[in-house]
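Heads up: the structure comes next, in structure tokens.
The values are calculated or read from the model by the stated rules, or taken from the named source; none is laboratory data. Remember, predicted model here, so these are calculated numbers, not experimental data. Counting neighbours? That spans all protein chains shown, and the Cβs are built from the backbone with ideal geometry, glycine included. The area values use the complete protein model at the heavy-atom level, side chains included, leaving out ligands, DNA and RNA. Shrake-Rupley method; radii C 1.70, N 1.55, O 1.52, S 1.80 Å.
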Amino acid sequence: MGFPEIILPGNVRNDIYVTLLQGEFDRGKKKTPKNVEVTMSVLDEDGTPMEKAIFPGAGYDGITEYKSVIYYQVKQPCWNETVKVAIPIEDVGRCHLQLMFRHRSSQDSRDKSEKPFGMAFVRLMKPDGTTLRDGKHDLIVYKGDVKKAEDARAYLSMPSTWTEVEEKERQSGKQFHHSGTVPITKDSFQIATLTCSTKLTQNVDLLGLLNWRSNPEQLEQTLGRLMEVEGSEIVKFLQDTLDALFNIMMVTSEKETYDKPVFNALVFIITLIGDIKFQHFNPVLETYITKHFSATLAFSCYTSLSLCLSPPLLGASPPSAPCPISPFPSLPLPLSLSILGS
């Protein structure tokens, strides 16, 4: 679970690990605590299940619904059961996890008539385009025995976590009053998530760079904010980040407005990889340069980048053809990334 030590260019992964942690459930009209079973599924915004998107363990085939173990008459069950959710990258933005809570009776005749008493959900992607943050999430448990609890379009308009409620209260300055079509229960439930994706980020600043074409008017601020992104997040998206920077340079080459910010961003990334903490990503950068980086693009970018360099550092006029020698021997190996004079 989690990423390998290095992530080579071209390696694509998009897994979300979900752990059912614990809950506390009111016994209602029963004399003893409920025997709670949690059923988890992945649904799209219309409530259609994503088939075989849940993997209960290594070597297992995908399943559409995952059912937890059942603890007999325990008010505060702790499951700590982890599954992997794997869906196409393009579907993440419209999908959510739905969790249904049901009392299981030890008598078959009664068990068949038991309906879900609670429902919780959480979107896999936030409104700003970043993925669900890693860590624990305290979910709101809604009543599950009402018709609207099965209508995804109805409940997706309501908050899914108590953190969302706190944010709404902070923004409005008013105490939260639920007015949705599905009542909230007194029950509580907690999950934990861990996203391992080479295409989906939890950092809004890095996302801004990767999707720079959608907000070109904010490009200068986007490039500046890249320096504030955690190094561990940048190296996970190294190829996409470098591709975005060079694409910016190519698309905006006539203006020269972004030459220096892009150059600063490139030096920042290369220096980052030269740091002892990320030195093991040097082979990743080499692979990018040799297999994924266009020498034609590099040569085209040379003129723009050369304007950002002082004559003593540049040292020589651009070569007539691409060559693998770095003009920046004083920086960690890869200012061959500046195979810019390449």
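Calculate, for segment 192-302, the solvent-accessible area per residue in square angstrom, rolling a 1.4 angstrom probe over the heavy atoms of the protein chains.
Values: 5060 Å² over 111 residues.
Result: 46 Å² of accessible area for each residue.
How much length is gained if the chain between Asn11 and Arg94 is pulled fully straight, taking 0.36 nm per residue apart and subtracting their Cα-Cα distance, in nm to one decimal?
Details: separation 83, 0.36 × 83 = 29.88 nm, distance 2.38 nm.
Between Asn11 and Arg94, full extension yields 27.5 nm more.
Evaluate the distance, in nm, between pseudo-label points positioned 7 Å from the Cα of Arg153 and of Arg104 along their respective Cα→Cβ axes.
In this crude label model, Arg153 to Arg104 measures out at 3.4 nm.
Mind checking which of Ile87, Met40, Gly144 is farthest towards the positive end of segment 1-155's charge dipole, using Cβ charges of +1 (Lys, Arg) and -1 (Asp, Glu) about the Cα centre?
Gly144
For segment 164-275, what is the largest minus smallest coordinate of the Cα atoms on each principal axis, given in angstrom and ordered from greatest to least?
Taking max minus min along each principal axis of the Cα atoms, segment 164-275 gives 58, 30, 21 Å.
Give the distance, in whole Å, between the Cα centre of segment 198-222 and the Cα centre of segment 57-72.
With segment 198-222 and segment 57-72 each reduced to a Cα centre, they are spaced 36 Å.
Per residue of segment 184-190, what does 6.51 cos²θ - 1.76 cosθ + 1.60 with θ = phi - 60° give for ³J(HN,Hα)? Whole Hz please, x for Gly and Pro, Karplus curve as stated.
Computed from phi, the couplings for segment 184-190 are 8, 9, 8, 6, 9, 8, 10 Hz.
Quick one: pull the percent of accessible area on segment 85-182 belonging to carbon and sulfur, 1.4 Å probe, ligands and nucleic acids left out. Mind showing how you got there, number by number?
Working: 2460 of 5510 Å².
Ligands and nucleic acids excluded, carbon and sulfur give 45 percent.
What whole-number value in cubic angstrom gives the convex hull volume per residue for the C-alpha atoms of segment 82-158? Let's see the in-between values first.
Working: hull volume 10.3 nm³, N = 77.
Here the figure is 134 Å³ per residue.
Where does the charge balance sit around Gly47 when Lys and Arg score +1, Asp and Glu -1, over other residues with C-beta under 15 Å from its C-beta?
On the way: positive: Arg94, Arg123, Lys147, Lys148, Arg153; negative: Asp44, Glu45, Asp46, Glu51, Glu65, Asp91, Glu150, Asp151.
Local net charge: -3.
How much length would be gained if the chain were fully extended between Val74 and Ala86, taking 0.36 nm per residue of separation minus their Cα-Cα distance, in nm to one decimal?
Numbers: separation 12, 0.36 × 12 = 4.32 nm, distance 3.13 nm.
Contour length minus Cα-Cα distance gives 1.2 nm.
Say the cut-off is 18 Å between C-alpha atoms; which of Lys30/Lys148; Lys84/Lys136; Lys52/Lys84 go over it?
Working: Lys30/Lys148 24 Å; Lys84/Lys136 16 Å; Lys52/Lys84 11 Å.
Too far apart for the 18 Å limit: Lys30/Lys148.
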